[in-house]
Amino acid sequence: MRVLRRTLGTLLFLGAAVSCAASPDADARPGDGRPAALAPYAQLLPAPASARAEGPGYAVGAGTVIRTGPGGDEEVRRVGELLADQLRAPSGLPLPVVDGAGGDGIRLRLDAGAEVTGVEGYRLEADPGGVTLTARTPAGLFHAGQTLRQLLPVAGPGTVPGGEITDAPRFAYRGAMLDIARHHFTAEQVKRYVDQLAQYKVNTLHLHLTDDQGWRIAIDSWPRLAEYGGGSEVGGGPGGYWTKDEYRDLVAYAGERYVDVVPEIDMPGHVNAAQASYAELNCDGKARERYTGIKVGFSSLCVGKERTYEFIDEVLGELADMTPGRYLHIGGDEAHSTPAADYAAFMDRAQQIVGRHGKTVVAWHQLATARPAPGAVLQYWGHDRTGAAEKAAVAAAAKAGHPLILSPADRLYLDMKYDLTTKPGLAWAGFVPVRRAYDWNPGTYLAAAGVPQSAVLGVEAPLWTETIATRADLEFMAFPRVLGLAELGWSQGPADWSEYSRRVAAQGPRLDAQDITYYRAPDVPWS
Ligand code: TNX
């Protein structure tokens, strides 16, 4: 009965959401009740900081070239080649990449003195003579190119509408996390996700590489971690792991798309796979059984043993050596089997080790209850029911100078079900419909707890994979909610659901063209 009432309630709620989104507004065609197609500049997702459509545009056609000069900067050439690749398939055009600035076409201009904001900002100008992308860095040019893709049709040649866009991100950190420990995902599958994310200007991929159910990264000094500890996953499947070359290759691939990889080795809890691989990592000296269930909080490294710190030093050292980005994530969540004093002592040493390997610590926000090292970044994964004391500890850390990455579980956890109909996923933080994932303000989210806006480094959407084992399920849970993450991370806001939901709908044909399995959520006015 209770379930029935909830079902009815949800149906009524969804019905209301649909009719509301479909009701005529300022941009709607009168009569048919459906929103009119958005003008191209108004379709962009994430929304640019400023855009002005004006005059005739540039027709991209058989003669169009991509110009990456002058100066022959190699990286700009690479950005140009990548953009050409991305535009060739949908347009069906040859789009050769040439050096030299003169002439019409799509021009990529690196200009250290350009009047654009920050390292990722860019300008895009289109008129009948061509499209000019200007930025201070190749990253800015890459983002400009992703905007250009959205100004062209999903299929066939087309015209970039005339006008000018000046754009820069709201937050420096715009991340997605993928848990490849609960279920193994290949580096090729993750590359596909990187491409999907980078087009929406997401610039960080956090990889949850190890957990109770599997250790997914080869470590030379502790080979059984991957060879034995990688051979399991949730549900009893074969698991698997990445070789160092596969990891390096993924990191390079992401880097070419201006996505930094933040690798996570979760500790002192979530370590059963390591403790199954090496008896010496257990206080009792006995190896654990491999684990394929979905409980959390039962494992802990042996805090009092010196060998534990040799282990994390060697593991984090090898990981730091193959990771060009500045961060190493050391987990620190749900250490329910580690007494609080032991936890704090352990995290002190783990943080020192990260620092010795030249990296900056990221940890889940539980580190706030211990002693975060200077500069350590905390990742907040609380939700509306998180207690005041926990939030206060996070706020104290933020006020002491620790940057925060916001991943509220009831907003950005992509493993939460959308609604009652969602087959994969969990619901411990509640359902997260598309609107809920978007309709909040990261800048003020923890303001009531005392977190200043300036402490917010950015946002991240984690995808835990206890219930997600396939590419299709991964995409279904991520899309379209991860667009909300992209929008919140990049655009200035304030959130305006009815306007945003129409831009999500406008992405539908692009997601289809990329063969992305997404949820046609009933709260989005898909055409
Ligand atoms: C909480 S969030 C966890 C993960 C689970 C996830 C499932 C966090 C830091 N820990 O171990 O996979 O919930 O939603």
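Could you report segment 272-374's accessible area per residue, 1.4 Å probe, as an integer in Å²? Present the calculation step by step, with values, prior to reporting the outcome.
Details: 4380 Å² over 103 residues.
Value for segment 272-374: 43 Å² per residue.
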Report the antiparallel proportion of the DSSP beta bridges in the chain as a percent, rounded to a multiple of 5.
-> 30
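Taking the Cα centre as origin and putting +1 on Lys and Arg beta-carbons and -1 on Asp and Glu beta-carbons, what dipole magnitude results for segment 367-492, to the nearest 20 debye? Mind dumping the intermediate values first?
Numbers: 11 positive and 11 negative charges, 45 e Å.
For this selection, approximately 220 debye.
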Listed highest first by mean packing, meaning other Cβ atoms within 10 Å per residue, what order do 457-465, 217-225 come in?
-> 457-465, 217-225
Roll a 1.4 Å probe over the protein heavy atoms and report the accessible area of Thr422 in Å², nearest 10.
-> 10
Where does the Debye-calculated log10 I(q)/I(0) of segment 173-493 sit at q = 0.09, 0.11, 0.14, 0.16 Å⁻¹, using only Cα point scatterers of equal weight, no solvent?
-> -0.41, -0.63, -1.08, -1.47
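Is there a quick way to get the dipole size of the chain? I mean about its Cα centre, with the Cβ of Lys and Arg at +1 and of Asp and Glu at -1; what is the value in debye to the nearest 20?
Details: 51 positive and 62 negative charges, 222 e Å.
In total the dipole reaches around 1060 debye.
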Nonlocal amide H pairs with Ala461, under 5 Å, H built at 1.01 Å = Gly175, Ala176, Met177
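Hey, what did the chain get for relative contact order, percent, Cα under 8 Å, at least 6 apart?
Numbers: 1161 pairs, mean separation 71.6, N = 527.
With pairs under 8 Å counted, the relative contact order is 14 percent.
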Helical contribution to [θ] at 222 nm, DSSP H n ≥ 4, -39,500 (n - 2.57), averaged over the chain, rounded to 500 | -10500 deg cm²/dmol
Farthest towards the positive end of the dipole of segment 173-493, among Leu426, Pro452, Ile219 and with Cβ unit charges of +1 on Lys and Arg and -1 on Asp and Glu, lies the Cα of Pro452
Find the percent of Cα-Cα distances in segment 168-258 that exceed 19 Å, and round it to a whole number.
-> 42
So between Lys295 and Thr517, what do we pick up on full extension, going 0.36 nm a residue minus the alpha carbon distance?
-> 77.1 nm
Rounded to whole Å, √(5λ) for the Cα gyration tensor eigenvalues of segment 233-349, largest first, gives 26, 18, 13
When all C-alpha to C-alpha distances in segment 76-216 are sorted into bins of 10 Å, what percent of pairs does each bin hold, rounded to whole numbers?
-> 11, 36, 30, 16, 6, 1
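For the chain, give the percent of accessible area contributed by carbon and sulfur heavy atoms, probe 1.4 Å, rounded to a whole number. It would help to have the intermediate numbers written out before the result.
Details: 10930 of 20050 Å².
Carbon-and-sulfur percentage of accessible area, whole number: 55.
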May I have the extent of the alpha carbons of segment 350-405 along their three principal axes, as whole Å values ordered from largest to smallest?
-> 37, 18, 17
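The values are calculated or read from the model by the stated rules, or taken from the named source; none is laboratory data. Computed from a predicted structure; not experimentally measured. Every residue, glycine as well, gets a Cβ built from its backbone with ideal geometry; the counts of neighbours run over all protein chains shown. Heavy atoms of the whole protein, side chains included, go into the accessibility calculation; ligands, DNA and RNA do not. Shrake-Rupley method; radii C 1.70, N 1.55, O 1.52, S 1.80 Å.
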